[in-house]
Amino acid sequence: MPADKEWFKVTFGQRLQMLFGKCLEEASARENYIALGTLIRDQLGRYWINTNRRYSERGEKQVYYFSIEFLLGRLLDSYLYNLGVRDRWLEALREMGIDYAELQRQEHDIGLGNGG
């Protein structure tokens, strides 16, 4: 399974090296947050591709509605939970000595819809 704990540890380290030229011990909390975000994006991308392929094969219509008139809040934890990887990836982060609460503090509120 590509999203298991051992896969995550290896891929996270590779991502830090690729993005920042740093190893785990040298990376800042912000760099760890960005690396985690790219891994989440990669996992979500697999689902987007499969969903769009299915829609295309079935000739299904899609309706898009865009509204940002409410505050989304922070999404990091929600993404991990909805991907079904939260517990495994958080355990891997702990084993690598990364404080998940510190990563969460790196995420700013989106702040749309309130004029700010």
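The values are calculated or read from the model by the stated rules, or taken from the named source; none is laboratory data. Values in this document were obtained by computation on a predicted structure and should not be read as measured data. Don't worry about glycine lacking a Cβ; one is built from the backbone with ideal geometry, like all the others, and counts go over all protein chains shown.
Yes/no matrix, rows are residues, columns are (1) of a type in the set (Lys, Arg); (2) at negative phi; (3) at pLDDT below 95:
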| residue | (1), (2), (3) |
| --- | --- |
| LYS5 | yes, yes, yes |
| GLY21 | no, no, no |
| GLU26 | no, yes, no |
| ASN32 | no, yes, no |
| LEU36 | no, yes, no |
| ASN52 | no, yes, yes |
| SER56 | no, yes, yes |
| LYS61 | yes, yes, yes |
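So which residues in segment 1-22 are within 13 Å of ILE34 (Cβ to Cβ) and among the basic types (Lys, Arg), if there are any at all?
Hits for segment 1-22 are ARG15, LYS22.
Would you pick out the residues in segment 1-28 that are within 18 Å of TYR79 (Cβ to Cβ) and of a type in the set (A, V, I, L, M, F, W, C)?
The first filter runs over segment 1-28 and keeps only residues within 18 Å of TYR79 (Cβ to Cβ), leaving 1-5, 7-8, 11-12, 15.
MET1, ALA3, TRP7, PHE8, PHE12 - these are the residues of segment 1-28 that are within 18 Å of TYR79 (Cβ to Cβ) and of a type in the set (A, V, I, L, M, F, W, C).
Do you know which of the residues in segment 21-80 that are among the β-branched types (Val, Ile, Thr) and in a loop (DSSP other than H, G, I, E, B) is nearest to the chain's Cα centre (by Cα)? Quick ask: steps written out before the conclusion?
Step one: of segment 21-80, the residues among the β-branched types (Val, Ile, Thr) are 34, 38, 40, 49, 51, 63, 68.
If we keep only those that are in a loop (DSSP other than H, G, I, E, B) as well, we get 63, 68.
Values: VAL63: 25, ILE68: 21 Å.
That would be ILE68.
Taking the criterion of being out of contact with any strand residue (DSSP E or B) (no Cβ under 6 Å at 6 or more places or on another chain), over 19 Å from GLU95 (Cβ atoms) and loosely packed, with under 11 Cβ neighbours inside 10 Å, would at least one residue in segment 29-40 satisfy it? Show your work before the answer.
Going residue by residue through segment 29-40, those that are out of contact with any strand residue (DSSP E or B) (no Cβ under 6 Å at 6 or more places or on another chain) are 29-40.
Okay, now just the ones that are also over 19 Å from GLU95 (Cβ atoms), so 30, 34, 37-38.
Keeping just the survivors that are loosely packed, with under 11 Cβ neighbours inside 10 Å gives none.
For segment 29-40, residues out of contact with any strand residue (DSSP E or B) (no Cβ under 6 Å at 6 or more places or on another chain), over 19 Å from GLU95 (Cβ atoms) and loosely packed, with under 11 Cβ neighbours inside 10 Å: absent.
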